[in-house]
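The values are calculated or read from the model by the stated rules, or taken from the named source; none is laboratory data. Source: prediction; values computed, not measured. FYI the Cβ positions are ideal-geometry reconstructions off the backbone, even for glycines, and counts take in every protein chain you see.
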Amino acid sequence: MMRFLIHSPVSHFARELPEHPALSFNGQEMSYAALDAASNQLANALIENGMKKHERVGIFMHKSLELGVAIYGALKAGGVFVPLDPFLPVERLQFILQDCQIEHLISTDKLAKQISELTNASTLRVYGVSSETPFAQTDWRQIREFPTTAPDVSLIDQDLGYIMYTSGSTGHPKGMMHTHHGSISYARWGAIHVDLTPADRVASHAPLHFDLSIFDFFSTAQAGATVVLVPEPVTKLPASWTACIESERISVVFTVPFTLIEMLQRGAMDKRDLSSLRWILFGGEPFPPKHLRLLMRALPETRFTNVYGPAEAPSCTCYDVPPLEDDADEPIPIGTVSLNSADLIIGEDDSECGIDEEGELCIRSSTLTKGYWNRPDLNARVFLRKDSFGPFPDVYFRTGDLVMRRADGQLRFLGRKDRMVKTRGYRVELDEVEAALASHDRVSEAAAFTIPDAHGSKAIFASVILHGKGDDATTAILQHASNKIPAYALPQHIEIVADFPRTSSGKIDRKRLADQQTETNGSRKPGQS
């Protein structure tokens, strides 16, 4: 059964293509043989220090060759890896560690200070940090002294491979459990769809805690190709990003429309040789046709695919984009269901919708999450059971996305059913933003909403009512919220108001707030408060 495990391809290509680069970072490369040996050493170190099969292993690292070693080492030890964003507020990081009962943490010296700020740091077994640090278990030098042979760990494909946390409406993030089987299904889909070969160099542009990274690492390994880990500063500078594509001869990229629009507008593409770039996959939010058309014309030999799928069921539909006409302004379809997936569009009464009828998209897929960690209440709400032809019911995931099936079978994305939005590809629960703002002592009530930005994405704005009188508190409120939610979820602007517009039922009329903000936003620079 080991061939059905997500880490198996590394060992396979360590035998078949031992010297071929598996990872590349900042001019350094690690071969499949070296990655296989190094991840075996880490797995043996984890087991030697008491890690048991199925235990969660936190990976708290920036991009590096060691990041790949950490992923595969945790898996080979029989663990479930949990990506942890180094830029997370301490309070949020601490919640994930406690919620997921993480006792083993893989990191580096650069992040030792952040780990020491955790109240439960003394209970963690930390790997990859210098032994002088009080909570360190084994540093990278000591890890390299462990055996390079694979540990004897028996797993099946229904065992968990990773848990990925995302924004939650309760004010706390929620963890999605993914099995080896689901991860392999996703990885194989990606490798097959873009016809990956060992000659490909796939950019790891997204951070590990973002679900696109699963394609970057595991689809690439399926084909024996090379993952090019893009340093975080480069991902934020369009000109540096296009220079990286040129110098690293990157052939495949999976990213969000915002990154591609920035690349188009500020990446000096005309000064770069981007002929190596044969396929771009994008997802996470709609791509405005006016921008996509220009990008496709700038890269005439590159193929483009719109990939749809929440982190709970990645890549469940896709659409290979044909050349766009000059007057094409219809939203790009999200396509049809991928291999081993099925869709169902339901109305308010859970009845199935017909052609051109709006409804909630429900997905059944081999990539589907096993559910949310420690959230039986949420699992009961989001999974729908429909009778199938066999003896067992089909389980569908309620995506919360509103779609419509066109006459040609293509699905068109219409928006969200709930208060979850996507901004620059990141999922944000507006209820969580409001909760973070409202927890400040001066805030009586908070309302978060979105307005369109220049890239066709959604910018988060907020209005607040304050207790009593006093100086403008927006800076202090933002600083307070930054300790509770990620930077990408912070409002670009906070408006202090005396009262909110209300609906006839007394609820906050967030649509009116958004309309008012849209009218006054033209002269305001992004981020100005």
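Residue 397 falls short of the stated requirement of being under 22 Å from the mean Cα position of the chain (by Cα), closer than 30 Å to residue 493 by Cβ, in contact (Cβ under 8 Å) with a residue 40 or more places away in the chain and outside any loop (DSSP other than H, G, I, E, B). For region 244-272, enumerate the residues that are under 18 Å from residue 292 (Cβ atoms) and outside any helix (DSSP H, G or I). If the condition is that a residue be under 18 Å from residue 292 (Cβ atoms) and outside any helix (DSSP H, G or I), then 252, 253, 254, 255, 256, 267 are the ones that fit. Between 227, 234, the distinction of being part of a helix (DSSP H, G or I) and among the β-branched types (Val, Ile, Thr) belongs to 234 only. Would you list the strands (runs of 3 or more DSSP E) that sit entirely within region 102-221 and hold 1 or more residues that are within 15 Å of the chain's Cα centre (by Cα) and buried (at least 19 other Cβ atoms within 10 Å of the Cβ)? So the answer is 160-166, 174-179, 201-204. Is it fair to say residue 40 is out of contact with any helix residue (DSSP H, G or I) (no Cβ under 8 Å at 6 or more places or on another chain) and not hydrophobic (A, V, I, L, M, F, W, C)? Taking the combined requirement at face value, the residue does not satisfy it.
Condition first: free of Cβ contacts under 8 Å to residues at least 40 places away in the same chain, touching a Gly at 6+ places or on another chain (Cβ under 8 Å) and not assigned by the TED database to the domain that holds residue 86. Can you find one or more residues in region 448-456 that meet it? For region 448-456, residues free of Cβ contacts under 8 Å to residues at least 40 places away in the same chain, touching a Gly at 6+ places or on another chain (Cβ under 8 Å) and not assigned by the TED database to the domain that holds residue 86: absent.
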